[in-house]
Amino acid sequence: MASASRLTRRNVLKSAALGTAAAVAAPYVRGAYAAGSLSLGFWDHWVPGANNTLTKLCKDWGEKNKVEVKIDYITTVGEKDKLTAAAEAQAGAGHDIMSHRDWNIQVHHRVLEPLDDVAAQLIKQYGEVSPVVQYLDTVKGTWHGIAATCGSQVKPCASRLDLYKEHCGVDLRDMFPADEAKYDKAKIDTWTWDMYLGTAEKLFKAGYPVGLPMGQTSDAIDWVGALFNSFGVVMVDEKDNIKVDSAETRQALEYLKKLMAVNPPEVYAWDDAGNNRWLISGKGSGIMNPPSAWAVAKRDNIKVAEQVWHHAMPKGPKGRFVGQLPFSYGLWSFSKNKSAGKDLLLYISQRESVQKLVAASSGYDIPAFKSMHDFDTWKTVEPPLGVVYSYPPRGDELTSITGRPARAEVGAQIYNQAINTVMVAKFTQGKEKLDDVIKWAAGELEGTLRV
């Protein structure tokens, strides 16, 4: 059977130090007489009811395999999920399996069980995973994490259909219909960063600016990282060469100087909720975000929600990229029921399980396998019907994360220090000279290599 609770900050260190949550079980044996227990620390989903679906999947698996499953749902508020993982890694005791977001598999890989066998099985079944997931979940070719559906997200455009049509003459629903078979490549190819700037200028003049955050939190880092990739910007390459001083960097920054001029000035101070509030308020014509803003608008401002359409990011000289922020599962090396843990990870990663999880999140959660982007959920969610169909990467849109292709230890620092958005803010808001901004960034990147 399975039980579930929310983990409080008070007992994080206590639980880890005492090892009270650690699974104590005989080696896992598949079959009617299997026994033991598994303790799971999963991300506490913001969508009502989504946790219940994951709990039921784990409970069904546990009953079938005679394994007792205990689940703690751990919030990201106050970084409690990362604090819990850090405490357990240090204590060598805690849950058997935990959810890890962004760079945490890399942070803890030395105390995470290799999962090459699980990854190989899933890749054999469903094809290649997102390159961002592979980058974050592997260390020197070894898989230490398995892509989690719950929480994994991308951050494409979320735009107002009515405002783009009225003030720009652009029909986004026609350009990105809720059926990939009806995609017209010629139309989609016109959705470039140049076109985006032109529409942003018109929307600004009409009094409905786009709202693109330029602070040091993930929403800002992710959309700027996607834009940088589409312009071919590389900060540090795979061989530790600093590449930020380039024509591509200069081109991207000059473009951003124009784009940020038609954003509300407060975007430099926004956190990750700022762009959501901007769209929900009705003042904004578009943001770059998962469907969370739209979901809140359904509750708080239905007239806005009825006009939102999620669709691909603009294309740059080097392609079309969307920021991805994945969650992954890690199996601690100190787990006493590793075989059962691996079997559970396989079970909740099967297409049938993932389909239920995506439905429970109303399409917010993104599977790492593109072969799973055909679920009906993305066609049927409303209003308007098809609002999240183009939320998963489709067509020529590729996933990206700031810091890649540098080795992960370096990439994590590039991301966590928000070097890309600080560069933009220095140039666009601070009015610093372009050469000085690039020189500053090169110095910061030099520091990231001392690991």
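Under 24 Å from the Cα of Lys239, which lysines turn up, not counting those fewer than eight places away in the same chain?
List returned: Lys140, Lys318, Lys439.
Name all residues of segment 377-392 having a backbone nitrogen under 17 Å from the label point set 7 Å from the Cα of Thr76 along its Cα→Cβ direction, giving them as ranges.
The answer is 392, whose backbone nitrogens lie closer than 17 Å to the label point.
Keeping the other protein chains in place, figure out the carbon and sulfur percent of the accessible area of the chain, with a 1.4 Å probe.
Looking at the chain in its full context, I get 52 percent from C and S.
Under the rule of at least 5 residues apart or a separate chain, name every residue whose amide H is placed under 5 Å from the amide H of Val308.
When sequence neighbours closer than 5 places are left aside, the close amide H contacts are Leu161.
Would you mind working out the magnitude of the charge dipole of the chain relative to its Cα centre, with +1 at each Lys and Arg C-beta and -1 at each Asp and Glu C-beta, to the nearest 20 Debye?
Dipole size: approximately 560 debye.
Using a cut-off of under 14 Å, list every residue of segment 144-178 whose amide N is near the label point 7 Å from the Cα of Gln125 along the Cα-to-beta-carbon line.
Those under the cut-off are 146-149.
If the chain between Lys56 and Thr217 were fully stretched, how many nm would it gain, using 0.36 nm times the residue separation less the Cα-Cα distance?
Gain in length upon complete extension: 54.6 nm.
To test your reading of the geometry: what angle, between 0 and 90 degrees and rounded to tens, separates the Cα axis of helix 419-428 from the longest principal axis of the chain?
Once rounded, one gets 20 degrees.
Please report, in Å, the Rg and the Dmax of the chain, where both are computed over Cα atoms only.
Cα-based Rg and Dmax for the chain come out at 22.1, 70 Å.
Taking a temperature of 10 °C and a viscosity of 1.306 mPa s, what whole-number D in µm²/s does Stokes-Einstein yield for segment 244-355 with Rh from Kirkwood over alpha carbon pairs?
Diffusion coefficient, whole number: 87 µm²/s.
Based on alpha-carbon centroids, what's the gap between segment 273-321 and segment 340-371 in Å, whole number please?
Computed from Cα coordinates, the inter-centre distance equals 25 Å.
When only DSSP loop residues count, what GluC sites (Glu not before Pro) in segment 114-205 have their Cβ near at most 14 other Cβ atoms within 10 Å?
Qualifying residues, ordered by number: Glu128.
Excluding same-chain residues fewer than 8 positions from Lys66, which aspartates and glutamates have a Cα within less than 14 Å of its Cα?
Filter leaves Asp343.
Report the gain in length on full extension from Ala247 to Met195: 0.36 nm times residue separation, minus Cα-Cα distance, nm rounded to one decimal.
Length gained between Ala247 and Met195: 16.6 nm.
In whole Hz, what ³J(HN,Hα) sequence does segment 42-52 give by Karplus (6.51, -1.76, 1.60; θ = phi - 60°), x for Gly and Pro?
Values, residue by residue: 10, 5, 7, 5, 7, 7, x, x, 5, 4, 4 Hz.
Counting helices only, and only those DSSP H runs with n ≥ 4, report the 222 nm mean residue ellipticity of the chain as the sum of -39,500 (n - 2.57) divided by its residues, in deg cm²/dmol to the nearest 500.
For the chain, the value works out to -12500 deg cm²/dmol.
If you average the alpha carbon positions of segment 131-175 and of segment 55-111, how far apart do those two centres end up, in angstrom?
Between the Cα centres of segment 131-175 and segment 55-111 lies a distance of 25 Å.
Return the percentage of antiparallel bridges among DSSP beta bridges fully within the chain, rounded to the nearest 5 %.
Among the beta bridges of the chain, antiparallel pairing accounts for roughly 55 percent.
Which order do the peptides 137-144, 77-84 come out in when sorted by mean C-beta neighbours inside 10 angstrom, highest first?
The peptides rank, most packed first, as 137-144, 77-84.
Rg over Rh of segment 299-451, using C-alpha atoms and the Kirkwood radius, what does it come to?
Taking Rh as the inverse mean 1/r over Cα pairs, Rg/Rh reads 1.06.
Mean separation of Cα pairs under 8 Å and 6+ residues apart, divided by the residue count of the chain: what relative contact order is that in percent?
23 percent.
Label points 7 Å out from Cα along the Cβ direction at Lys303 and Asn416: separation in nm?
4.5 nm
Express the accessible area of the chain per residue in Å², computed with a 1.4 Å probe while the remaining protein chains stay in the model.
Per-residue accessible area for the chain comes out at 40 Å².
Could you run the Karplus curve 6.51 cos²θ - 1.76 cosθ + 1.60 with θ = phi - 60° over segment 176-187 and give me ³J(HN,Hα) per residue in whole Hz, x for Gly and Pro?
10, x, 7, 6, 4, 5, 9, 4, 10, 4, 4, 5
Greater than 23 Å separation of Cα atoms is the criterion. Which listed pairs, Lys155/Lys370; Lys336/Lys370; Lys165/Lys185; Lys70/Lys336; Lys59/Lys379, meet it?
In this structure, Lys336/Lys370; Lys59/Lys379 lie more than 23 Å apart at Cα.
The values are calculated or read from the model by the stated rules, or taken from the named source; none is laboratory data. Fair warning: this is a prediction, and the values are worked out from it, not measured in the lab. Backbone-built Cβ (ideal geometry, glycine too); neighbour counts: all protein chains shown. The accessibility values were calculated without ligands, DNA or RNA, using every heavy atom of the protein model including side chains. Shrake-Rupley method; radii C 1.70, N 1.55, O 1.52, S 1.80 Å.
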